[in-house]
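**Student:** Quick one: the structure is below, questions incoming.
The values are calculated or read from the model by the stated rules, or taken from the named source; none is laboratory data. Everything numeric here is computed off the predicted structure, so don't read it as measured data. Here the Cβ positions follow ideal geometry from the backbone for every residue, glycine too, while neighbour counts run over all protein chains shown.
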There are 2 protein chains.
Amino acid sequence: MAATAKTDPESIKSEEAPAAPPCRSNYSSVDVALRGLLFAASVTAVVVMVTAKQTEIVPVPGLPIKVPLEAKFSDSPAFVYFISALSVAGLYGILTALASISIISKPAHATRYLLHFALWDVLMLGIVASATGAAGGVAYIGLKGNSHVGWGKVCNVYDKFCQHVGSSIAVALFASVLLVLLTMLSVFSIYRKIPK
Amino acid sequence: MAATAKTDPESIKSEEAPAAPPCRSNYSSVDVALRGLLFAASVTAVVVMVTAKQTEIVPVPGLPIKVPLEAKFSDSPAFVYFISALSVAGLYGILTALASISIISKPAHATRYLLHFALWDVLMLGIVASATGAAGGVAYIGLKGNSHVGWGKVCNVYDKFCQHVGSSIAVALFASVLLVLLTMLSVFSIYRKIPK
């Protein structure tokens, strides 16, 4: 009886032990994939925004002449902030993807890494979400104008520029959602390590 | 010998048991305080933005007359989104503050609550940060204008309106920082429960 009592917990342990690593590496591979996607989305958003240039011949107000005018991202401080934030997010994405890969090979320090990931993910989310909001707010004025304060539409003239800006903001929104998911994944991975 | 061996672990346990609750309640009280602050900051931001009304007599472009024109938050969709987001954050702040107080009295379910707090905090942070960014982007155009697309300044005329909007955005930025701290606190509280 004593012998069976001793072997029982061991057999349970040996059944549990192989079950844990695939589960952890499963989480880690999702984490790496999401961070790779974050990198791709951020770089796409930055490239699409930077290449948003369009020159149109527009009339000068008050004068009977027309001049070529170029629209580019650096015309708006909000778009400059957007590019800075998404560049940082892209760099963060690739660095943490590499760090996440290194964790799969060294699972001993995994929990401490997960804590750092969760804390930094939250900060990055704040930066990327605010940048997306700022660019979105300005782009919306460009699209619809604001009759109350006399700000005219821009997108009826600079159509391709606005398409680029709109696409870039949509991709940045996707990056924000990725950062929300990444933080939730890190939090949940930490939570799973608490013995029930 | 056997008697002392039996009493030793018990005495260690009884020493550990009273040490844990003050530490946990310490974290919980910080959590409650931060959530209370989040509620206060959100309500302040909403009230200051809603009360941002100013009527000025401005010239009509192209005509030699002047008419009274009122500036209010509903003139800009970004400010409407800002008010919606901050109202939700305020409601979230007071509800989770009450939930956090209820945890102090029932520490058994604390970990599960902390997980839910962390997950929802992240979502709220995304909403509040993007709303702050959107309102900030539009307010910056109101303050400085944008000569590239012919959007004129507004704040040289509607000075009090702009002071309200600026203060409201500053308080919302503080609320965003509170949400970052709250998420980090929840993550760290979960992390602390993992046996080292």
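**Student:** Regarding residue B:42, is this residue among the hydroxyl-bearing types (Ser, Thr, Tyr) and either outside any helix (DSSP H, G or I) or more than 25 Å from residue B:143 (Cβ to Cβ) (or both)?
**Tutor:** Numbers: among the hydroxyl-bearing types (Ser, Thr, Tyr): yes; either outside any helix (DSSP H, G or I) or more than 25 Å from residue B:143 (Cβ to Cβ) (or both): no.
Taking the combined requirement at face value, the residue does not satisfy it.
**Student:** What number goes with the only condition from (1) surrounded by 16 or more Cβ atoms within 10 Å (Cβ to Cβ); (2) under 30 Å from residue B:61 (Cβ atoms) that residue A:150 does not pass?
**Tutor:** (1)
**Student:** Further question on the same structure: Cβ-Cβ distance below 9 Å, separation of 6 or more or different chains: which pairs start in the range B:76-103 with a residue that is within 14 Å of chain A (Cβ to nearest Cβ) and end on one that is of a type in the set (D, E, K, R)?
**Tutor:** Short answer, once both residue conditions are applied: B:77/A:144; B:79/B:72.
Residue-by-condition table, conditions (1) farther than 30 Å from residue A:149 by Cβ; (2) out of contact with any Cys (no Cβ under 6 Å at 6 or more places or on another chain); (3) buried (at least 24 other Cβ atoms within 10 Å of the Cβ); (4) of a type in the set (Val, Ile, Thr):
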site	(1), (2), (3), (4)
B:72	no, yes, no, no
B:75	no, yes, no, no
B:80	no, yes, no, yes
B:99	yes, yes, no, no
B:102	yes, yes, no, no
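**Student:** Now a separate question. Being within 8 Å of chain B (Cβ to nearest Cβ), in a helix (DSSP H, G or I) and closer than 19 Å to residue A:110 by Cβ: is that true of residue A:180 here?
**Tutor:** Taking the combined requirement at face value, the residue does not satisfy it.
**Student:** Which count do you get for residues in the range B:72-130 that are modelled with pLDDT of 90 or more, in contact with an Asp or Glu (Cβ under 9 Å, 6 or more places away or on another chain) and aliphatic (A, V, I, L, M)?
**Tutor:** The qualifying residues number 2.
**Student:** Considering each of B:122, B:157 in turn, give the residue that is part of a helix (DSSP H, G or I) and of a type in the set (A, V, I, L, M, F, W, C).
**Tutor:** Within the list B:122, B:157, the selection yields B:122.
**Student:** Also: Would you confirm whether or not the range A:166-189 contains a residue that is at positive phi and either modelled with pLDDT under 90 or of a type in the set (Gly, Ala, Ser) (or both)?
**Tutor:** No, there is no match, as no residue in the range A:166-189 is at positive phi and either modelled with pLDDT under 90 or of a type in the set (Gly, Ala, Ser) (or both).
**Student:** Just checking, which of A:190, A:194 is over 22 Å from residue A:80 (Cβ atoms), in a helix (DSSP H, G or I), within 9 Å of another protein chain (Cβ to nearest Cβ) and not acidic (Asp, Glu)?
**Tutor:** Only one candidate passes the filter, namely A:190.
**Student:** Right, here's the next one. Within the range A:130-143, take every residue that is among the aliphatic types (A, V, I, L, M) and more than 26 Å from residue B:60 (Cβ to Cβ) and give me the one that is farthest from the other protein chains (Cβ to nearest Cβ).
**Tutor:** Checked the range A:130-143; the qualifying residue farthest from the other protein chains (Cβ to nearest Cβ) is A:139.
**Student:** Right, next: Is it true that some residue in the range A:144-154 is on the phi > 0 side of the Ramachandran plot and either facing another protein chain (nearest Cβ under 7 Å) or not in a helix (DSSP H, G or I) (or both)?
**Tutor:** Yes.
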